[in-house]
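The values are calculated or read from the model by the stated rules, or taken from the named source; none is laboratory data. Predicted, not measured: the structure shown is a model, and the values here were computed from it. Note that we place each Cβ from the backbone using ideal geometry, even for glycine, and neighbour counts take in every protein chain shown. Side chains are part of the model used for accessible areas, which takes the heavy atoms of the whole protein and leaves out ligands, DNA and RNA. Shrake-Rupley method; radii C 1.70, N 1.55, O 1.52, S 1.80 Å.
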Amino acid sequence: MATRYFGQRIQRNEDPRLLTGQALFVDDVMLPRLAHIAFVRSPHAHALIHRIDTKSALKREGVIAIFTAEDLGDYWQPAPIVVPPPPIQDMTFNKRTQPPLAKGKARFVGEPIAVIVAESRYIAEDAIRDMQIEYELLSPVLDIEHALDANQPLIHDDLPDNLGAHVVQRKGDYDRAAQSADLIIKRRFDYDRGTAAAIENRGIVASWDTRDQRLTIWDTTQAPVPIRNGLAKLLGLGENQVRVIAPFIGGGFGPKVMMFYQEELIVPWVAMHLGRPVKWIEDRAENFVGTSHERGQVHESEIALTADGKIIGVKDTFIHDCGAYIPYGLTLPLNTQCTLLGCYDVQHYTTEFEAVFTNKTLVAPYRGAGRQHGVFVMERLLDIAAKELGIDRAEIRRRNLIPPDAFPYHNEIIYQDFAPLVYDSGNYEPSLDKALEMIDYQDFIENIQPQLKAEGRYVGIGIATYVEGTGIGPYEGARVQVMGNGKVSVVTGIGTQGQGHFTSFAQIVADQLGVEVCDVSITTGDTNLFYWGAGTFASRGAVVAGNAINEAAKDVRQKILKLAAEKLHVTEDELELTQGVVHLKHNPNIFIALGDLATQANPLRGAVKPGTEPGLEATNYFGPERGATANGVHAAIVEVDPDTFDVHILRYVVVHDCGNVINPLILDGQIHGGTAQGIGNAFYEKLVYDDQGHLLSISLLDYLLPNAMNIPHIEIGHEVTPSPLNPLGIKGAGEAGAIPVGPVFAQAVEDALSEFGVEIREIPLSPSRLWELVQQAQGKV
Amino acid sequence: MIQITVIVNGITHTLQVEPRLLLSDFLRQDLGLTGTHVGCEHGVCGSCTILFDGDAVRACLMFAVQANGHEITTVESLTTDMERLHPIQRAFRETHALQCGFCTSGILMTLIPFLEKNPDPTEADIRQALTGNLCRCTGYQHIVAAVQRAAQLQQKP
Ligand code: FES
Ligand code: FES
């Protein structure tokens, strides 16, 4: 390959459309005769629904139709499960998924009960107030630690209790090994719920063409192909009759890969039922209750160590909050289990969880997807151990890192991709060293901190390591085609939500085919153009789809060389591809433009040799044998205001290793954004419920997304340990920024407040919560 | 229904609207200017920011009828030619200041008057100016860099 675009900081192909306001988002889809939908949602966390009276709502001018569960007939059934649980010995899994509309019982505030279709959204919302619904209130199950108590009401009446799942996994024999420990530390850790709050809310537009018998759906989904397949089946259609388009998406972060949302089941059904195109756009209040949440876990953890700080083993038992249903299987708690051990060589590990149902919004992946909680537990245990053993915090980490010659490293327990967890590659110590150096760790501890403390300032440092399992299977695919105008079209089945796929994928193709990056046009998320794929999640887009595109582009390159060799009467190895032409290596003046070659590859008359495929086009797939494990280190210096307990981040350093990097500019952006979400999660964002299960923080005034003054300048360092599991040697990076921020923040704040003796074992924090912790530590409350 | 006359991106529109129609919905639905985005409809996210007689305001916090007789500028006014971006748009592209791009129109419209009044802003000024616009993707760092770059580009004759 002549030019190397791979690895360059290239500006994005998609930006001009976005910057000029020309990019199509779901809410921008306008169709003739479009009707608008508003959902009637439960105002109660747990209630029987005795009667729904739609009469007066139907009388309102402009209301077209109203549907409740009863109107759906056979279409009413619990949604299919997204991710079935992996085969783990002796596990319990009580599959309970959300129905399209609640029937007989509402299980969380915001659960859809009826759908109102009207000439405008304004009218549809007016009609919500005309609805008469008779509820009988039940007491809600809100506290995950008591969800399994005998006296708790049942959320799903056909189950004996509120247990969603129970899993125990083991590596080695913790109980026996811990007997030889010099130190055992036991603590409880809380990691509370949060929400992704993409700036674009969800939305769906559906249009049924009665003449064509085809359904078109524009959906803010990260996984258009699975949505198409699932809806076709549920609606009794062939896959060829359903087209799902995920156009530009205003941020995904996980919740937009949840499926099937109730609205996703209903809106297309309404379009078919009425024979009219319909649109539903979620508003911000709906987003807070209707879009999946994440995080909610309570851990009881213990770590056994030798006197010199070597980890003997870890035992962790936790309760995981599922919300009212469990559509996403066990992905989140399994990620917690499988990320907890992190970069460390731990031979004995027992991990057990109970996933419990609560009367709250359902829980599905949000950037990090269960990994944060594990990293928080492990990193905090190490901090506490370091203190007890009198070992430096960085040093205790260093002593336990998996050595570079131990890869592939086996953690034995079952991961979210159904296979035993194996880290493919890694070299952890250089990342740690680089982070320590970038943040001037020694100098800060030895000189700067004592000096600032002497000045009466409360400053502290935190450092944490993590791994991120990325790029899991099963597979993605792509079709690459050189078009008659010499430009290259690439189509793939994943969705895109701002990750720069239109550029990073174009770089891969540009290298293979010797064209400019701007001449490669990528289409994602249109199921009519590419049929196969699983979607964008688990930091897998670049790894899995990127490699599929690379394979397809290689095939096209072969076709180009073969045909050009025939046309120019030379051998393939005499040819070179650059600047959109294929030419003789020794004489660039003899060439064929790729566009002309593409036209010649599709003859209109004459005969071709048997087996000849038309065009310069190829489709290929890539499925890694297992995920690629990225790693990194975050470090921060913070200052706490002793009067207000506001925390100011003075420095933030990220050192990251995600193997070979396609576009470092885009990678930096991913890290900045992830870290900002981590900071929000650690200190600003909190979902507050009252004792009846009403979410109180349902506006952006109450749920604080960090703004430009809350996020510091983030300094980034890179290490490169390529993955051996894919030809491009890449690992995913989408979630890394968000994963270790909680423990870094907690550790740094704890260090800053060391004279108060606070031990931080929870996320999120806030100024008022820090004040409370200080009061508690001082025995004042 | 009430008749209003509004100048949007230099074009005069006279339309009948419901008194309760939000200005953001008017621009997007009645005029088809979908570059103005809606992220919260309660005045916090800033995605719907437009210029109202030259000042950056939130279109979701106004009714269309309040725009009667006023001049509105939306992101579509910056350029219609993707090959010749406005200097602020160019700066955003060069520095990778957008990811999903949903917040971007509002941020651009906030920055137009900001950079007019502050042609050479400090990082602190820029961060302060951006506090009314939420971006969930970028962590703001590249946006800050974009504003610095835009200031440079605009100072060049
Ligand atoms: S939509 Fe207007 S400020 Fe959020
Ligand atoms: S770029 Fe996605 S919200 Fe700002």
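What's the carbon and sulfur percent of the protein assembly as shown's accessible surface, probe 1.4 angstrom, rounded to a whole number?
About 49 percent, which is the carbon plus sulfur part of the accessible surface.
At 7 Å along Cα-to-Cβ for each site, give me the label-to-label distance between residue A:128 and residue B:153 in nm.
Modelled inter-label distance: 4.0 nm.
State whether the protein assembly as shown is rounded, prolate or oblate according to the following rule on the C-alpha gyration tensor (a ≥ b ≥ c being the square roots of its eigenvalues): a/c under 1.5 gives rounded; otherwise a/b larger than b/c gives prolate, and the remaining case gives oblate.
It is rounded, given that a/c, with a ≥ b ≥ c, falls under 1.5.
Which whole-angstrom value gives the distance between the alpha carbon centres of segment A:184-229 and segment A:655-695?
Centre-to-centre (Cα) distance: 18 Å.
For peptide A:699-707, compute the average count of partner chain beta-carbon atoms within 10 Å of each residue's beta-carbon.
Partner-chain Cβ atoms within 10 Å, mean over residues of A:699-707: 5.
Points 7 angstrom from Cα along the Cβ direction at residue A:437 and residue B:70: gap in nanometres?
5.6 nm
What relative contact order, as a whole-number percentage, does segment A:248-342 give when Cα pairs under 8 Å and 6 or more residues apart are counted?
Relative contact order of segment A:248-342: 19 percent.
Can you find, among B:148, B:85, B:3, the residue sitting farthest towards the positive end of the charge dipole of chain B, where Lys and Arg contribute +1 and Asp and Glu -1 at Cβ?
B:148
Give me, ordered by chain and number, the residues 5 or more places off residue A:214 or on other chains with an amide H under 5 Å from its own placed amide H.
Residues meeting the criterion, in which the H sits 1.01 Å from N, are A:209.
Which parts of segment A:16-50, residue by residue, lose 40 Å² or more of accessible area when the rest of the protein chains are there, as against the chain isolated (1.4 Å probe)?
A:16, A:18, A:19, A:20, A:21, A:25, A:28, A:30
Using the Karplus curve 6.51 cos²θ - 1.76 cosθ + 1.60 with θ = phi - 60°, what ³J(HN,Hα) values do you get for each residue of segment B:138-149, in whole Hz, with x for Gly and Pro?
Taking θ as phi minus 60°, the curve returns 9, x, 6, 4, 6, 5, 4, 4, 5, 5, 4, 5 Hz for segment B:138-149.
Could you derive backbone 3J(HN,Hα) for segment A:705-715 from the dihedral phi with the Karplus parameters 6.51, -1.76 and 1.60 (θ = phi - 60°), listing whole Hz in sequence and x where the residue is Gly or Pro?
7, x, 9, 5, 8, 8, 9, x, 5, 9, 9
For a Förster distance of 56 Å, can you work out the FRET efficiency between the beta-carbons of residue A:455 and residue A:146, rounded to the nearest 0.05?
0.75
With a point put 7 Å past each Cα toward its Cβ, work out how far residue A:518 is from residue A:579 in nm, to one decimal.
Taking the two extended label points, one gets 1.6 nm.
Can you run phi through the Karplus equation (6.51, -1.76, 1.60; θ = phi - 60°) for segment A:559-566 and list ³J(HN,Hα) in whole Hz, with x for Gly and Pro?
Per residue, the Karplus-derived 3J(HN,Hα) values read 4, 4, 5, 5, 5, 5, 4, 4 Hz.
How much mean residue ellipticity at 222 nm does chain A get from its helices, if each DSSP H run of length 4 or more adds -39500 (n - 2.57) and you divide by all residues, to the nearest 500 deg cm²/dmol?
That calculation yields -7500 deg cm²/dmol at 222 nm.
Work from the charge dipole of the protein assembly as shown (Cβ charges, +1 for Lys and Arg, -1 for Asp and Glu, about the Cα centre) and give the residue of A:423, A:164, B:64 farthest towards its positive end.
My answer, from the dipole projection, is B:64.
Using the alpha-carbon centroid of each, what span in Å lies between segment B:111-157 and segment A:410-468?
Here the answer is 32 Å between Cα centres.
Which whole-number percent is the relative contact order of chain B (Cα, under 8 Å, 6+ apart)?
About 24 percent, as a whole number.
Full extension from residue A:570 to residue A:475: what is 0.36 nm times the residue separation minus their Cα-Cα distance, to one decimal in nm?
Taking 0.36 nm per residue and subtracting the Cα distance, the gain is 30.5 nm.
Which cross-chain or sequence-distant (5 or more) residues have an amide H under 5 Å from the amide H of residue A:704, H modelled 1.01 Å from N in plane?
A:686
According to the square roots a ≥ b ≥ c of the eigenvalues of the Cα gyration tensor, what is the shape class of segment A:365-428, taking rounded for a/c under 1.5, prolate for a/b larger than b/c otherwise, and oblate for the remainder?
Numbers: a/c = 2.61, a/b = 1.39, b/c = 1.88.
The shape class here is oblate.
Average projected area of the Cα convex hull of segment B:87-155, in nm²?
Averaging across all directions leaves 3.8 nm² for the Cα convex hull.
Give me the summed buried accessible area for the B-A pair, 1.4 Å probe, to the nearest 100 Å².
4500 Å²
Which positions within segment B:113-157 get 30 Å² or more of their accessible surface covered by the other protein chains, compared to the chain by itself, with a 1.4 angstrom probe?
Output list: B:127, B:131, B:134, B:136, B:137, B:139, B:140, B:141, B:142.
Mind checking the full-extension length gain between residue A:612 and residue A:600? Use 0.36 nm per residue of separation minus the Cα-Cα distance, one decimal, nm.
Values: separation 12, 0.36 × 12 = 4.32 nm, distance 1.26 nm.
Contour length minus Cα-Cα distance gives 3.1 nm.
For residue A:41, enumerate residues with amide H under 5 Å from its amide H, sequence gap 5+ or separate chain, H modeled in the peptide plane.
A:113
What does the average come to when, for each residue of peptide A:664-672, you count the partner chain Cβ atoms lying within 10 Å of its Cβ?
Across A:664-672, the average partner-chain Cβ count within 10 Å equals 4.
Which value, in Å², gives the accessible area per residue of segment B:2-77 when a 1.4 Å probe is used on the protein heavy atoms?
Ligands and nucleic acids excluded, the figure is 38 Å² per residue.
Let's see if you can work this out: charge +1 on each Lys and Arg Cβ, -1 on each Asp and Glu Cβ, no other charges. What is the dipole magnitude of segment B:2-77 about its Cα centre, in debye to the nearest 20?
It comes to approximately 100 debye.
Between residue A:694 and residue A:34, 0.36 nm times their residue separation minus their Cα-Cα distance comes to what?
Extra length from residue A:694 to residue A:34 when fully extended: 234.3 nm.
In debye to the nearest 20, how big a dipole does the protein assembly as shown give about its Cα centre with +1 on each Lys and Arg Cβ and -1 on each Asp and Glu Cβ?
Around 1980 debye, computed over the protein assembly as shown.
Can you tell which of B:52, A:386, B:124 lies farthest toward the positive end of the dipole of the protein assembly as shown, using +1 and -1 charges on the Cβ of basic and acidic side chains (Lys, Arg; Asp, Glu)?
Positive-end residue among those listed: B:52.
Excluding ligands, DNA and RNA, what is the solvent-accessible area per residue of chain A at a probe of 1.4 Å, expressed in Å²?
Here the residues of chain A average 35 Å² of exposed surface.
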